[in-house]
Amino acid sequence: MSDVLEQALLLQFAPTFMVARHDCSGLPAEFTPNRQIPTVKVEDGTIYGQVSSAKSANGDLPNC
């Protein structure tokens with residue numbers, strides 16, 4: 001899947017975040033790359049997203 005298609009799908013199906021004041025830290029965080037244990041680099045509002053192909057119950061890709 002191309003980066004352009006992935007970005008378009010992420011924008012089209014962007015989630016709505018519903019977080020209360022005491023659910024977590026102040027902002028979502030960017031993580032330090034290539035670490036075995038997730039390590040916060042900076043709390044800067046970064047939200048990660050990833051798109052992948054769905055498969056049907058029998059393992060085939062759906063016809064889109």
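Things worth noting here:
- Those residues of the range 33-50 which are closer than 24 Å to Leu11 by Cα, modelled with pLDDT of 85 or more and in a loop (DSSP other than H, G, I, E, B), in sequence order: Pro33, Glu43, Asp44
- Close pairs from the range 10-28: first under 14 Å from Thr46 (Cα atoms), partner surrounded by 10 or more Cβ atoms within 10 Å (Cβ to Cβ) and of a type in the set (D, E, K, R), Cβ under 9 Å, at least 6 apart: Ser25/Glu43; Gly26/Glu43; Leu27/Glu43; Leu27/Asp44; Pro28/Glu43; Pro28/Asp44
- Contacts under 7 angstrom Cβ, first residue in the range 33-52 being among the hydrophobic types (A, V, I, L, M, F, W, C), partner open to solvent by 100 Å² or more (accessible area, probe 1.4 Å), 6 or more apart: Val51/Met1
The values are calculated or read from the model by the stated rules, or taken from the named source; none is laboratory data. Bear in mind that the values here come from a model prediction, so they are computed numbers and not experimental data. Positions of Cβ are backbone-derived with ideal geometry, glycine not excepted, and every protein chain shown enters the neighbour counts. Calculation scope for accessible area: heavy atoms of the full protein, side chains included, ligands and nucleic acids excluded. Shrake-Rupley method; radii C 1.70, N 1.55, O 1.52, S 1.80 Å.
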